[in-house]
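The values are calculated or read from the model by the stated rules, or taken from the named source; none is laboratory data. This structure is a prediction, so every number in the text was calculated from the model and none was measured. Here the Cβ positions follow ideal geometry from the backbone for every residue, glycine too, while neighbour counts run over all protein chains shown. Ligands, DNA and RNA are stripped out before the accessible areas are found, and what is left, the full protein with its side chains, is counted by its heavy atoms. Shrake-Rupley method; radii C 1.70, N 1.55, O 1.52, S 1.80 Å.
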Amino acid sequence: GNSVTQMEGPVTLSEEAFLTINCTYTATGYPSLFWYVQYPGEGLQLLLKATKADDKGSNKGFEATYRKETTSFHLEKGSVQVSDSAVYFCARGGSGGGADGLTFGKGTHLIIQP
Amino acid sequence: GAGVSQSPSNKVTEKGKDVELRCDPISGHTALYWYRQSLGQGLEFLIYFQGNSAPDKSGLPSDRFSAERTGGSVSTLTIQRTQQEDSAVYLCASSTQGLAVNEQFFGPGTRLTVL
């Protein structure tokens, strides 16, 4: 079936460390891909997205590239800050262009220590 | 501007009771989504509305769950004869159109606890 798999957390890093959170998906066709973030006490919000193969989404120093050949959308940041501590969700949209709702990974809890 | 709002923010109910959860989408957003977030299942898609119509209800967990949307705006998710496994945070989201590429804006959620 269609699913999203991301690395389990918690992931604990020191400030200024390099971050990678892996995400792979299965789908028929070429779905849009998203990273959502949930900061403590706040709702889910979109971090970045990519809508076709080789697209790179970027925001707030985070990047993710849509890799069709490896069906991956790994999230990276070169230098994390304490304020990046949150739960990160990888998600894919419907493959047909219509809105089937998002399929989410289980989330990765990121903890950045000063 | 105003985001997606949901009410109540918290609901505690007894097993077997009915509950109604409300979602007010962002003004002008034609697409509206319901999700459920629980510890065991993560984030699950439940149902989607384009205008007042829900093309596919197969994501609803059981026939105790129903949803409606009127006037292309407010939506209610109703759970009849609640069970303990219904305990979760119910999230609503809206987007400008029902397209897979569009960003969905999420509300703060309703935390449902079934005793």
Of the residues in segment A:57-91, how many are exposed (fewer than 15 other Cβ atoms within 10 Å of the Cβ) and under 14 Å from A:S32 (Cβ atoms)? 1
Please work out if A:T26 is open to solvent by 40 Å² or more (accessible area, probe 1.4 Å) and within 13 Å of chain B (Cβ to nearest Cβ). no
Examine segment A:29-37 for a residue that is surrounded by fewer than 16 Cβ atoms within 10 Å (Cβ to Cβ) and touching a Phe, Trp or Tyr at 6+ places or on another chain (Cβ under 6 Å), and state whether such a residue exists. no
Just one of (1) touching a Pro at 6+ places or on another chain (Cβ under 6 Å); (2) under 28 Å from B:W34 (Cα atoms); (3) at pLDDT 95 or above trips up A:D84, so point out which. (1)
Residue ID - modelled with the highest pLDDT, chosen from residues in segment A:92-106 that are facing chain B (nearest Cβ under 7 Å) and either touching a Cys at 6+ places or on another chain (Cβ under 6 Å) or surrounded by fewer than 21 Cβ atoms within 10 Å (Cβ to Cβ) (or both): A:K106
Looking at (1) closer than 21 Å to B:D86 by Cα; (2) without any contact (Cβ under 8 Å) to a residue 60 or more places away in the chain; (3) hydroxyl-bearing (S, T, Y), which is the one condition that is false for B:Y33? (2)
Scope segment B:12-25; condition open to solvent by less than 80 Å² (accessible area, probe 1.4 Å), more than 14 Å from the chain's Cα centre (by Cα) and either modelled with pLDDT under 95 or not β-branched (V, I, T) (or both); matching residues: B:G16
Pairs, first closer than 19 Å to B:Q37 by Cβ in segment B:50-62, second at pLDDT 85 or above, C-beta under 7 Å, six or more apart: B:G59/B:F45; B:G59/B:L46; B:G59/B:I47; B:L60/B:L46; B:L60/B:I47
Can you tell which of B:Q84, B:Q80, B:Q50 is more than 22 Å from A:K106 (Cβ to Cβ), at pLDDT 95 or above and not basic (K, R)? B:Q80
